[in-house]
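Take a look at the structure below.
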Amino acid sequence: MSLEVVVSAEGHEHVSGQHSSTLEVTSDDFLTPAGDCILGIEADTVPAEFDDEFVAACRDADATVTATLEADGHRVTVEGSGHPDLSFESDRSHVIRTSDYVDDRTVMVGADAAAGDVDRGLVAALADGAALTMTLTVDPA
């Protein structure tokens, strides 16, 4: 049985989607040009607010975690894995990683895409300030 969390965020003029190993959605209300992994700001939900069942399912290394990013008619799906060390303690950011590095912001490891791999139409829409919906889904092993 799949479990999901839906996060609403906003695009920003500095969204560039250039980072080669991470993708981030943050609750911060600002973005500098250096934040080249950030696709959305002002997220209405942060990892520390996820329910216990979702978190437990993501802590299984064999679980499949999917992030579906949608904005202005564009849709991108990023798939990766859970990890036993995921803490979901961050009260600021969701970070999707192509590596297996884990910190309190990590929501997925082994992702098949990072910000730099995302459809340029989606990135352009977010740079124009489009609303972003990120749906995180976990399919337990």
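Do any residues in the stretch 43-61 that are more than 20 Å from residue 93 (Cβ to Cβ) have Cβ atoms under 7 Å from those of residues that are not in a loop (DSSP other than H, G, I, E, B), where the two are at least six apart or on different chains, and which pairs are they? Once the first residue is more than 20 Å from residue 93 (Cβ to Cβ) and sits in the stretch 43-61, its partners that are not in a loop (DSSP other than H, G, I, E, B) give 53/3; 57/3; 57/138; 61/81. Among the residues of the stretch 5-46, the one identified as touching an Asp or Glu at 6+ places or on another chain (Cβ under 6 Å) and either on the phi > 0 side of the Ramachandran plot or modelled with pLDDT under 95 (or both) is 42.
Out of 100, 104, 128, 91, one residue alone is out of contact with any Leu (no Cβ under 8 Å at 6 or more places or on another chain), modelled with pLDDT of 95 or more and over 23 Å from residue 28 (Cα atoms). It is 100. Could you check, for the stretch 70-80, whether at least one of its residues is more than 15 Å from the chain's Cα centre (by Cα), part of a loop (DSSP other than H, G, I, E, B) and either surrounded by 14 or more Cβ atoms within 10 Å (Cβ to Cβ) or free of Cβ contacts under 8 Å to residues at least 60 places away in the same chain (or both)? Within the stretch 70-80 (the criterion being more than 15 Å from the chain's Cα centre (by Cα), part of a loop (DSSP other than H, G, I, E, B) and either surrounded by 14 or more Cβ atoms within 10 Å (Cβ to Cβ) or free of Cβ contacts under 8 Å to residues at least 60 places away in the same chain (or both)), the answer is yes, since at least one residue qualifies. Restrict the check to the stretch 47-64 and report whether at least one residue is more than 14 Å from the chain's Cα centre (by Cα), among the basic types (Lys, Arg) and modelled with pLDDT of 95 or more. Within the stretch 47-64, one or more residues are more than 14 Å from the chain's Cα centre (by Cα), among the basic types (Lys, Arg) and modelled with pLDDT of 95 or more. Checking the stated criteria, residue 86 turns out not to satisfy the condition of being crowded, with 19+ Cβ neighbours inside 10 Å, outside any loop (DSSP other than H, G, I, E, B) and not basic (Lys, Arg).
If you go through the stretch 43-60 and keep only what is in a loop (DSSP other than H, G, I, E, B) and farther than 14 Å from residue 132 by Cα, you end up with 46, 50, 51, 59, 60.
The values are calculated or read from the model by the stated rules, or taken from the named source; none is laboratory data. As the structure is a prediction and not an experimental result, all values here were calculated from the model. So basically every Cβ, Gly included, is an ideal-geometry build from the backbone, and we count neighbours across all protein chains shown.
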